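Each remark here refers to the structure printed beneath this line.
Quick note: the coordinates plus some simple rules give every number you see, no bench work behind them. All figures in this text were calculated on a predicted structure; none of them were measured in a lab. Cβ atoms come from the backbone with ideal geometry, glycine included; neighbour counts cover every protein chain shown.
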Amino acid sequence: MRAPAPSALVDRAVALLDEPGRVILGITGPPGAGKSRLVELLLPRLRDALGPDAVGHLPMDGFHLADVQLDRLGLRERKGAPDTFDVDGYVAALRRLHDEPDRTLYVPGFERDLEQPVAAALAIPPSARLVVTEGNYLLLPDSSWERVRPLLAEAWYVDVADDVRRERLVRRHEQFGKTPDAARAWVADVDQPNAELVAATRDAADLVVPLAAVVE
């Protein structure tokens, strides 16, 4: 598959603003595919094109349940699965972007060093007409995630070779404290089942972006 150039992706995102009102662009894909990397690539280019205050960022990762809640629910060992996120809070934030465009929206971020959400870490001002949100489960068709897609103008799926994605995840888990064996076990037992769920949503995306060809 031929990858679109970064400039073509920016042009496509900017063209979404041909419609009146605020627009939300969703970036999805399995764990380790490179969603955050694509967003890091796009955001400065979009801000150059539209103005620094015209583009907002709302990552789904901020809606991880905190470890204290995962422990209460018995979900700590499945952290990252669809039911370990506050999907209601995420959907409510997306709806507020549309329903309250004249108000600043404060949303949680996710602190990788702590592996915990941080309340009100990000602010989306009224001037942000285009908001980019990224996460694994934007196209999931059930378990309350189906409420996300109608709130997005488009959803782009980040694609990457499975072996590359797995090794990237192992390195990430090692970076944040897991031993190599524990990292590989987590990828196999937790991340991979989640990745398979997400991969099943690929055909529902408006655009498939083979990330390696875009950024390397």
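Return yes or no: is residue 123 of a type in the set (A, V, I, L, M), within 24 Å of residue 65 (Cα to Cα) and out of contact with any helix residue (DSSP H, G or I) (no Cβ under 9 Å at 6 or more places or on another chain)? Criteria met by residue 123. Any residue at all in the range 35-57 that is closer than 26 Å to residue 189 by Cβ, in contact (Cβ under 8 Å) with a residue 24 or more places away in the chain and either outside any helix (DSSP H, G or I) or touching a Leu at 6+ places or on another chain (Cβ under 9 Å) (or both)? Yes, the range 35-57 has at least one match. Only one entry of 184, 129, 165 meets the criterion of being within 26 Å of residue 96 (Cβ to Cβ) and not aliphatic (A, V, I, L, M), and that entry is 129.
Figure legend. Inter-residue proximity from the range 142-162: first residues more than 12 Å from residue 94 (Cα to Cα), second residues assigned to a helix (DSSP H, G or I) and not aliphatic (A, V, I, L, M), beta-carbon distance below 6 Å, spacing 6+ or different chains. Indicated pairs: 143/82; 157/202; 158/35.
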